[in-house]
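The values are calculated or read from the model by the stated rules, or taken from the named source; none is laboratory data. Here the structure is a predicted model, which is why all the values come from computation and not from measurement. Here the Cβ positions follow ideal geometry from the backbone for every residue, glycine too, while neighbour counts run over all protein chains shown.
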There are 2 protein chains.
Amino acid sequence: MTLASVLDHIDTNLDAALNRLTDLLKIQSISTDPAHKDDCDAAADWLVADLAGLGFQAEKRPTPGHPMVVAKSDGAGPHVLFYGHYDVQPVDPLELWDRPPFEPRIEQTATGPVIRARGASDDKGQLMTFVEACRAWKAVHGTLPGPITIFFEGEEESGSPSLVPFMEANAPELTADIALICDTGLFADRVPAIVTQLRGLVGEEITITGPDKDLHSGMFGGIAINPARVLTRILADLHDDTGRITLPGFYDGVPPLPDDLRAQWEGLDFDHAAFLGGVGLSVPAGETGKMPVEMIWSEPTCEINGMWSGYTGAGFKTVLPSKASAKVSFRLVGQQDPDRIRAAFHDFVTARLPEDCTVDFAPHGASPASQMSTDHPAFEQARAALSDEWPDAAAFVGCGGSIPIAGYFKTLLGMDSMLIGFAKDDDQIHSPNEKYDVESFHKGIRSWARILDRLNG
Amino acid sequence: MTLASVLDHIDTNLDAALNRLTDLLKIQSISTDPAHKDDCDAAADWLVADLAGLGFQAEKRPTPGHPMVVAKSDGAGPHVLFYGHYDVQPVDPLELWDRPPFEPRIEQTATGPVIRARGASDDKGQLMTFVEACRAWKAVHGTLPGPITIFFEGEEESGSPSLVPFMEANAPELTADIALICDTGLFADRVPAIVTQLRGLVGEEITITGPDKDLHSGMFGGIAINPARVLTRILADLHDDTGRITLPGFYDGVPPLPDDLRAQWEGLDFDHAAFLGGVGLSVPAGETGKMPVEMIWSEPTCEINGMWSGYTGAGFKTVLPSKASAKVSFRLVGQQDPDRIRAAFHDFVTARLPEDCTVDFAPHGASPASQMSTDHPAFEQARAALSDEWPDAAAFVGCGGSIPIAGYFKTLLGMDSMLIGFAKDDDQIHSPNEKYDVESFHKGIRSWARILDRLNG
């Protein structure tokens, strides 16, 4: 019944845990703003002190940007690396906050108490769930739960410029049996999830030039090539009538959905009507024949993120534009190769270019998809632990977005990652009035305690 | 030999004619700028006084905007209405002018003397060619050249808001056998032209809305409809692979090019390589099988004048846009009906709209094409007269742009128009350093004298 004692300790000491989180939330660690450099340093110091107090061998480690926090404990059992980030998003527009973003407070809401502050959910509240689980474990067991490396970053909200160099320089130290990443959400209010696949991303900006200046469409319309027309044809050709992407070789490396995952996902009862209804839509727009969750989690996409050409102001100008531009991105899954897809896109555009047009390409990032092998026993152990804690059983799910850290753990350190988090869709991360449910925090701590118990079982 | 006397008089008195034009050019009749309301009035007064001095019954006629000038003469022979406009474009950016725009001066250039000032070519210099021809005629003959109505507008550069109401209210007075419009150019430096067809114009702005807010393309990409993708498909579908416009019924009312006009146009030796080369292009982009001049003069077009969606700033945002917009215009020829084409475009867009998208339309103007019947003997008389004056024979040509006045003369007053002008492509109308070649002015006056002589022959 030691697990029960740990859980009891967590329940009994929740207020103290919330007070600690409150202290951390008061630190204005906005990583993208140079004016908050010292605040980022202070957040790292706070974490080092807290972790050292728990018995971790904890250090603030310098980088060219904001420092990393690395903390280690010894012991038997599987070695886990836990990742979170202590930096937060900027707070503007400040006038849309109901109260100051760095004066955290517990508020009662219709769906229960929340702690409201910038970073409450993303990611200070989440990372502290793990730290508090370790604290309770230590209080009951007298030792930390086995060999753990804690790895906190301070640049996640500003592009993580120091992350890869730091990981490359400290690879042996950071390599563990499995990584735990706490920066995602519940699948639904009562349904915990382990994200086992994340989509990758390739972005590209293209500019097609026809005439060397904007022309009068009366004088030149009909005889001069219009680059906006060329661009719309190219962009329209990227999908066929079934919604499938037509880029040659695009689906190379896209795996079929495994039967067991398909069964799990079908069982999830994803409410696509509610999901789409929240943004004014109703019809899943992906490839014919795919489940709605497949469209977001396991299918690649091609999206126009922006486009512009000619006169875009009020009224009308009969201009025949010189240039037309678009920002296009591809979400990748499975083994799709970002570099090959970028090359295929270049070829696709170039092949459709009339003799009188030229094209300029500007690349914007390239990251492959992350697909975890769930063979490591930790996956089933964590799933069982989460299912014990929450009303509904935990699921292996996908995530449509790209969380590069999971890819780096795989490619640089050879580790699979379990992405487990307790955020809710309405947490307003990156927006005014960010909050974290006290239930997310409380049951999050309990969830980690259960997971650590299973991993050490 | 009376025509020879008139031409001699023109040659001998050219300096006096240039001095009169200089006086008119000094008046800052910028119609779109309320600060220049009195200047517009002064230009009308100047013209009324000059025409009255020539023996016309001349009046300044009020409108809700700037006044019209209407002047009449009696006599035998065909009744012609001559149209021009005394208002001018704004002068900004002023710093790009080499000298003050309302201090006209004769300058020697590599290609001969020019008179440089705002309005020199558009349209004060042009309208004075006709007035000076009447003056020389009067000096030699003692009378004006037959029944003439002169009709000068002061709002052409600001959308002509008073034009149609004034024409409707004064239709009998303004109706003649044929209209002469002096607001176009030579076909080439030595080749005069009579424009016998002008394209019409229908403009429409469309905005397609998908999600009710911009979305994150990671969370929603693949399941949420992207209105930019919908828009590009619609716009791309507007042309087939041969460059033909696919709107159902679009070509209803597009006449085949008559054999005689085709022969004339083939004889023009239009240098499309030079025309396109001047704007960085080389390949005529219109429908397969059409002559380059057909593409501009007698073929309808569909152009994207502007489009925009999503994130268009520097860098990259993986936004899935809520809206996508475009400004689209159609140049019309023959009997194409602007209203039917607008309706067909609406239907075309609506039919391609997925269930989850809505569209908003905003109309921007609708004018039919003007195609003159050249049956009136004045057309051949004027062509012969112009051919006598200029080194090369005159041609009936088209004009890709839209000059609404010709359409109004046809629809409101039942008159065909002969658009005859002497501007050159390098006159920089609407731009800094506008000029009019002294040769255009001089031979323009002589051209009208010859035309009036033929019409009264």
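Does region A:87-114 hold any residues that are of a type in the set (S, T, N, Q) and over 26 Å from the mean Cα position of the chain (by Cα), and which are they?
If the condition is that a residue be of a type in the set (S, T, N, Q) and over 26 Å from the mean Cα position of the chain (by Cα), then A:Gln108, A:Thr109 are the ones that fit.
Checking the conditions here, which among A:Gly210, A:Gly203 is within 14 Å of chain B (Cβ to nearest Cβ), within 30 Å of A:Ser31 (Cβ to Cβ) and not charged (D, E, K, R)?
A:Gly203
Would you call A:Thr175 surrounded by fewer than 24 Cβ atoms within 10 Å (Cβ to Cβ), within 14 Å of chain B (Cβ to nearest Cβ), among the β-branched types (Val, Ile, Thr) and touching a strand residue (DSSP E or B) at 6+ places or on another chain (Cβ under 8 Å)?
no
Within region A:214-255, which residues are of a type in the set (A, V, I, L, M, F, W, C), at the interface with another protein chain (Cβ under 7 Å from one of its Cβ atoms) and surrounded by fewer than 22 Cβ atoms within 10 Å (Cβ to Cβ)?
Listed by number, the residues that qualify are A:Met219, A:Ala236.
Within 12 Å of chain A (Cβ to nearest Cβ), out of contact with any Leu (no Cβ under 8 Å at 6 or more places or on another chain) and surrounded by 17 or more Cβ atoms within 10 Å (Cβ to Cβ): is that true of B:Val333 in this structure?
It is true that B:Val333 is within 12 Å of chain A (Cβ to nearest Cβ), out of contact with any Leu (no Cβ under 8 Å at 6 or more places or on another chain) and surrounded by 17 or more Cβ atoms within 10 Å (Cβ to Cβ).
Here are A:Thr358, A:Thr318: which of them is among the hydroxyl-bearing types (Ser, Thr, Tyr), surrounded by fewer than 21 Cβ atoms within 10 Å (Cβ to Cβ) and in contact (Cβ under 8 Å) with a residue 60 or more places away in the chain?
None of the others qualify; the one that does is A:Thr358.
For region A:296-330, give me each residue that is more than 7 Å from chain B (Cβ to nearest Cβ) and within 32 Å of the chain's Cα centre (by Cα).
Within region A:296-330, A:Trp297, A:Ser298, A:Pro300, A:Cys302, A:Ala324, A:Ser325, A:Ala326, A:Val328, A:Phe330 qualify.
Considering B:Asp23, B:Asp38, B:Asp11, which residue is in contact with a helix residue (DSSP H, G or I) (Cβ under 8 Å, 6 or more places away or on another chain), part of a helix (DSSP H, G or I) and without any contact (Cβ under 8 Å) to a residue 40 or more places away in the chain? First the steps, then the outcome.
Values: B:Asp38 fails: in contact with a helix residue (DSSP H, G or I) (Cβ under 8 Å, 6 or more places away or on another chain); B:Asp11 fails: without any contact (Cβ under 8 Å) to a residue 40 or more places away in the chain.
Residue meeting the stated conditions: B:Asp23.
Answer yes or no as to whether B:Val279 is closer than 19 Å to A:Ile223 by Cα, within 23 Å of the chain's Cα centre (by Cα) and outside any strand (DSSP E or B). If you could, list the steps in order and put the result at the bottom.
Working: closer than 19 Å to A:Ile223 by Cα: yes; within 23 Å of the chain's Cα centre (by Cα): yes; outside any strand (DSSP E or B): yes.
Answer is yes for this residue.
Name the one entry in B:Ala285, B:Ala274 that is without any contact (Cβ under 8 Å) to a residue 24 or more places away in the chain and not β-branched (Val, Ile, Thr).
Testing whether each residue is without any contact (Cβ under 8 Å) to a residue 24 or more places away in the chain and not β-branched (Val, Ile, Thr) leaves just B:Ala274.
Collect the residues in region A:357-388 that are at pLDDT below 95 and of a type in the set (Asp, Glu), keeping them in residue-number order.
Result: A:Asp375, single match.
Checking A:Gly146 against (1) more than 19 Å from the chain's Cα centre (by Cα); (2) farther than 15 Å from A:Leu413 by Cβ; (3) modelled with pLDDT of 95 or more, only one condition comes out false. Which one?
A:Gly146 satisfies all of (1) more than 19 Å from the chain's Cα centre (by Cα); (2) farther than 15 Å from A:Leu413 by Cβ; (3) modelled with pLDDT of 95 or more except (3).
Would you mind telling me which numbered condition in (1) surrounded by fewer than 19 Cβ atoms within 10 Å (Cβ to Cβ); (2) in the same structural domain as B:Ala344 (by TED's automatic domain parsing) B:Gly277 fails?
Answer for B:Gly277: the failing condition is (2).
Being without any contact (Cβ under 8 Å) to a residue 24 or more places away in the chain and assigned by TED's automatic domain parsing to the domain that holds A:Phe441 is the requirement here; does A:Pro93 meet it?
No; evaluated as a whole, the condition is false for this residue.
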